[in-house]
């Protein structure tokens, strides 16, 4: 099978890559919480999560699963440890997976198209987790970031300022460097590049960006709407045929 046909096959198999990389990012996120709690002595068994039920929504999207850590037992007496445990999902688990993805994608060794397609989606899933929390749910009263601001009794603006700029850099790096690089490694034609751009942008800004739309307060709802509205702007700005996108590496 030539590279053009294999590229179309990869695009058709996107739901498979999506599910596998999403599951990997999700469980590393939750186990980062769980193992952090275990390391500090606030959980007996780090392997036990709250796995929820067997509904299709939970099986496909893990919507009823969480780290199974009872912060009420120690957050009042150990607020900094509790904050680190709450932060570990995104700040340790997803950050490490994102760095591994970048390392794999930018390796000087040549690999097959499946390799690059897997790691570009793994990068997307972990980058999406960044957007999910900062700015997505930074101002929420519950959830990982809400727990941190509550435990430390600080303004969510401290979280936004401290981590917002590095996350913005990660998005700039992804769209200006990583995607153009992967277009070439995957040997995608212009149509295939556009499809990949649209799929990854919808995932980052519409799926993950909309996480705070319901039940997280008016600030998170506004940020979710702004993230969704950003989708066409990003697609137009990063259109694969633009000169600044077609950089040489």
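Here, each number is a calculation from the coordinates, and none is a lab measurement. Here the structure is a predicted model, which is why all the values come from computation and not from measurement. Cβ coordinates were reconstructed from backbone atoms using ideal geometry, including for glycine residues, and neighbour counts include every protein chain displayed.
Quick check: the angle from helix 113-133's long axis to the longest principal axis of the chain, C-alpha only, nearest 10 degrees? In the chain, helix 113-133 runs at an angle near 40 degrees to the longest axis. Cβ crowding within 10 Å ranks 8, 244 as 244, 8, fewest other Cβ atoms first. Ranking of 219, 67 by neighbouring Cβ atoms within 10 Å, starting from the fewest: 219, 67. Relative to the longest principal axis of the Cα atoms of the chain, the long axis of helix 79-88 lies at roughly 20 degrees.
Annotation for the range 3-26 versus the range 38-104: alpha-carbon center distance of 26 Å. Report summary: the helix-based calculation at 222 nm, which adds -39500 (n - 2.57) for every DSSP H run with n ≥ 4 and divides by the residues of the chain, gives -19500 deg cm²/dmol. Take every Cα pair under 8 Å whose residues are at least 6 apart in sequence, average their separation, divide by the length of the chain, and the relative contact order is 20 percent. Remark: relative contact order (the range 3-87) = 26 percent; criterion is Cα-Cα distance under 8 angstrom and separation of 6 or more residues.
Given the Cα-Cα distance of residue 39 and residue 77 and 0.36 nm per residue of separation, how much length would full extension add, in nm?
Working: separation 38, 0.36 × 38 = 13.68 nm, distance 1.68 nm.
Fully extending the segment from residue 39 to residue 77 adds 12.0 nm.
Rounded to the nearest 10 degrees, the angle from helix 3-12 to the longest Cα principal axis of the chain is 40 degrees. When each of 205, 62, 118 is scored by the number of other beta-carbon atoms lying within 10 Å, the sequence from fewest to most is 62, 118, 205.
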